[in-house]
Amino acid sequence: MQTVIEFRHIKKGYGDKVILKDFNLSIEKGEFVTIIGSSGCGKTTALKLVNGLLSPASGDILINGENIRKKDQTELRRNIGYAIQGSVLFPHMTVEQNISYVPNLLNKRNRQKTREAVSKWMRIVGLDEEMKSRYPSELSGGQQQRVGIARALAASPEILLMDEPFGAVDELTRAQLQTELRRIYEQTGITVLFVTHDISEALKLGTKVLVMDKGEIQQYAAPQELLRHPATDFVKKLVERERRICYLPDERLEDCEYSGAVHF
């Protein structure tokens, strides 16, 4: 498999407080990586290092083998989708203008290509065409979040970064958005890094789950592996309440069901 994102010996802190210390991780192309851990463990910090919103004190971050220090940071960010909690849309722009913001920068004068991209992603995230002329204040929380996802994907990035994107919506809308996002991921094959505080969401969405505590990786594995073989006491406590263990005669853990009605 091709490595898309690589953290090499990253150190990052704020003032005297070190958040990430000798952080090393390789993420393969097409993975949906959910990132979970205690507050202040470095989840969001790791995410923002990928698109250059933060810079490490030491160490290197490579995307497709290229050190991002050597890249133009504006160009870097235009080619990495970024969606955060509450979507943070431009309030003075319509839905169409919000979604087309980055494609307009990339396509320059090719307005037809931009219009096609807007229509395509609105359709994919489940937004009606008639919403193009609406402003964010005229949308529900779930609709705003869908616009945020469409905007993040409109330039067809190879990488999508998401920082608790569903944290501000109700449970029903959250479940619907999770289903939509997983469908979009399977349809596009994009590499996703998704920060969450919800272990059930992490296990449901991720092809790999990154568990962090105090700036260190506790485990990086498929959801099934975390449930069957938690690597540390921290991981074990995190997933224990999610597990309803089903034992076969040979005592292998199989067909686990956990909160959220998700099955393996």
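The values are calculated or read from the model by the stated rules, or taken from the named source; none is laboratory data. The shown structure was predicted, so the numbers you read here are calculated from the model rather than taken from an experiment. Counting neighbours? That spans all protein chains shown, and the Cβs are built from the backbone with ideal geometry, glycine included. Just so you know, the surface numbers come from the protein's heavy atoms only, side chains and all, with ligands and any DNA or RNA stripped out. Shrake-Rupley method; radii C 1.70, N 1.55, O 1.52, S 1.80 Å.
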Of the listed pairs Lys17/Lys43; Lys29/Lys120; Lys48/Lys132; Lys17/Lys237; Lys21/Lys48, which have alpha-carbon separations greater than 18 Å here?
Lys29/Lys120; Lys48/Lys132; Lys17/Lys237
Please identify the trypsin sites (Lys or Arg not before Pro) of region 81-167 that satisfy two criteria: DSSP loop assignment and at most 15 other Cβ atoms within 10 Å. Which are they?
Lys108, Arg109
Global geometry of region 1-87, whether rounded, prolate or oblate, following the gyration tensor of its Cα atoms and the 1.5 cut on a/c
rounded
Probe 1.4 Å, heavy atoms of protein chains only: per residue, the accessible area of the chain in Å² is 49
GNM top mover of Leu89, Leu160, Leu76 - the chain, alpha-carbon springs below 10 Å:
Leu76
Evaluate the charge dipole of the chain about its Cα centre and quote only its size in Debye, nearest 20, assuming +1 on the Cβ of each Lys and Arg and -1 on the Cβ of each Asp and Glu.
1020
With every protein chain in place, the chain: carbon and sulfur % of accessible area (1.4 Å):
47
Along the positive direction of the dipole of the chain (beta-carbon charges: Lys, Arg +1; Asp, Glu -1; about the Cα centre), which of Asn67, Val239, Leu153 reaches farthest?
Asn67
Candidates (1) -0.75; (2) -0.97; (3) -0.66; which is the computed log10 I(q)/I(0) by the Debye sum over Cα atoms at q = 0.12 Å⁻¹?
(1)
Between Ser140 and Arg69, the FRET efficiency computed from the C-beta separation at R0 = 41 Å comes out, to the nearest 0.05, as 0.50
Comparing Gly37, Gly15, Gly126, which has the greatest mean-square fluctuation in the GNM of the chain with Cα pairs linked when under 10 Å apart?
Gly15
